[in-house]
1. What tally of residues in segment 192-251 results from selecting those that are hydroxyl-bearing (Ser, Thr, Tyr) and farther than 30 Å from residue 297 by Cβ?
2. Counting only residues that are in a helix (DSSP H, G or I), more than 60 Å from the chain's Cα centre (by Cα) and not basic (Lys, Arg), how many does segment 244-294 have?
3. Do the conditions hold for residue 417, that is, is it at pLDDT 95 or above and within 27 Å of the chain's Cα centre (by Cα)?
4. Please pick out the residue among 210, 198, 192, 180 that is more than 31 Å from the chain's Cα centre (by Cα) and of a type in the set (S, T, N, Q).
5. Considering segment 433-445 alone, what residues qualify as being among the hydrophobic types (A, V, I, L, M, F, W, C) and surrounded by fewer than 19 Cβ atoms within 10 Å (Cβ to Cβ)?
6. Within segment 116-125, identify whether any single residue is over 24 Å from residue 53 (Cβ atoms) and either of a type in the set (A, V, I, L, M) or open to solvent by less than 50 Å² (accessible area, probe 1.4 Å) (or both), and answer yes or no.
7. Do you know which residues across segment 446-479 are surrounded by fewer than 18 Cβ atoms within 10 Å (Cβ to Cβ), over 40 Å from the mean Cα position of the chain (by Cα) and on the phi < 0 side of the Ramachandran plot?
8. Out of 111, 129, 163, report the one residue that is in a helix (DSSP H, G or I), of a type outside the set (D, E, K, R) and farther than 30 Å from residue 42 by Cβ.
Amino acid sequence: MAKTKKKAAGKKAPARKKAAAKKKPARKKTAAKKKTAAKKKTAAKKKTAAKKKTAAKKKTAAKKKTAAKKKTAAKKKPAKKKAAAKKKAAKKKPAKKKAAKKKTAAKKKKTAAKKKTAAKKKTAAKKKTAAKKKAAKKKTAAKKKAAKKKTAAKKKTAAKKKTAAKKKTAAKKKAAKKKTAAKKKTAAKKKTAAKKKTAAKKKTAAKKKTAAKKKTAAKKKTAAKKKAAKKKTAAKKKGAKKKTAAKKKGAKKKTAAKKKTAAKKKTAAKKKTAAKKKTAAKKKTAAKKKTAAKKKTAAKKKTAAKKKTAAKKKTAVKKKTAKKTAKKAAKKKAAKKVAAPKTAKKKAAKKKAAKKKAAKPGPSTVELAVGDAVPSFDLPADDGERYSSDGLRGTRYVVYFYPRDNTSGCTTEAKEFSERLEAFGELGVKIFGVSTDSLESHAKFRAKHDLTVTLLADTDYAMSIAFGAWGAKQMYGKAVVGMIRSTYVIGADGTIEAKYIVRKAAGHAPKVLEDLLAAGDDASGEDAGEAADASAEAADGEVAAPEAADEGSSEDASADEAGDDAPAETDDSASRDDAGAPAEDAPAADDAGPEPEAGDDSASSDGDSDDAGDASED
């Protein structure tokens, strides 16, 4: 239903667009027609108003003409009457002349009064015509205003319609753009998800391969041990059978056969349980690896997000600091003149403090090997606590020595250990970084790079000398005394389990973690194999005579001691030396990592900045 609705909506959309496109020119035509009609109306009104004005002007002109004619006629009549009267008066007597004079005077008064009244009427007529003209002008002005208002209203409505149409088209375009953007986003997300899946599959495949190789190696070792044990047990059985055949016959043979069958059943049951334990341990290690991988990816995402936010903050801070430095520079120039004697005193005080500082010691002659006891140490950390070898007894921990805070190689090494701190914690292992820097330097180093590793301050070089980490090394082809980048894995019993002379800081922490995981898998497999061998020997010992059992036990003890001494050291030196060499090229058991040779820069691949800073100290 939803698909059909979408299709119908998709079909209706172009039809609507066509109808809207058709309506647009029709609307424009109607608007144009209305405009022309309004213009015609206004033109007609103007014409009628002009005609009315001309008619009014003609009427007023005609009235003026008639009034002028009447005036001239009125003026001519009294002149004629006067002439006639004069003629009559000339004929009459002087009395009549006086009476005539009076009449003429009265007539003059009347004519003057008539002129005044005529003049008043003219002025009144002019005022009326002026008032009419004003009223006509006001009416025309009002009509023009009304016409303008109508045209303005029409223009406004037309403009509103146009803007509404534009908004609709813009809204449609925006909606179309949003849809395309959403589609692109979904496509990009799918691509990234597919890439992540493929990367995760590759990682899991690589881990499985390495796990399979380790398993095959462990199986071969256990098979070799079992063969040797079988040969020994076969030799013991032969001797025991000869003695028991000479001493005891018949019934003893039956009891021996019964005991053998019971022992075989026991060994079979123990082997089954050992196999079950192995599979359970493998599952646990696989689950731990998965969780570690998930935590790694989460940590990487967090670090990437933190880096972005830090970069943004840095840019903002840089802008602020640039403004502040510009202001401070002016203040400093003024302050330097005043504070010149104070700075001289401070420099003198710093020189005195530098003289008071203990001189750097010479190279250490200590060379620790796998199996040696840990040298005693007691150092403060930047978290406010102190850590010592006696206090850490009973816990498994890693100590890595690095040259200097805030250098490129040392920061990468510290970050890698910090990112994998939870994975080390699951194995019950603590991480400690050691350098000759102060606690303040460690605190700044931690805050700058968000480190979670505990940093110890070996300011008196005691721990570095005791571990042999402060020694001679080559840098840029020159012999230098300084911190040798090295790592020690220390067991719960206080002995050194593994030693690394680090040639490259990047990738060192993951290597240590892999070796610890592999050592845990090997230990679980060897414990199960030893338990099965011990049970088989116990079963054989019950059948054998007391003398034969004593002899065999002494032989087994010597063989076990030899096996514990030789393979353990070779395994540690071959697999845990951080040089990454194969088992054939591994160093001797007493020295788990190669010492720096002449011409070999132990820190050259690690990043020149670390040892450059260290050399500057030296």
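The values are calculated or read from the model by the stated rules, or taken from the named source; none is laboratory data. For clarity, every value in this text was computed on a predicted model and none was experimentally measured. Note that each Cβ is placed from the backbone with ideal geometry, even for glycine, and that neighbours are counted across all protein chains shown. We work out accessible area using only protein heavy atoms, side chains counted, and drop any ligands, DNA or RNA first. Shrake-Rupley method; radii C 1.70, N 1.55, O 1.52, S 1.80 Å.
1. Number satisfying all stated conditions: 3.
2. The qualifying residues number 10.
3. yes
4. 210
5. Answer for segment 433-445, where residues must be among the hydrophobic types (A, V, I, L, M, F, W, C) and surrounded by fewer than 19 Cβ atoms within 10 Å (Cβ to Cβ): 439, 443.
6. Yes, that holds for at least one residue.
7. Correct list: 460, 462, 472, 478, 479.
8. Step by step, each of 111, 129, 163 is checked, and only 111 is in a helix (DSSP H, G or I), of a type outside the set (D, E, K, R) and farther than 30 Å from residue 42 by Cβ.
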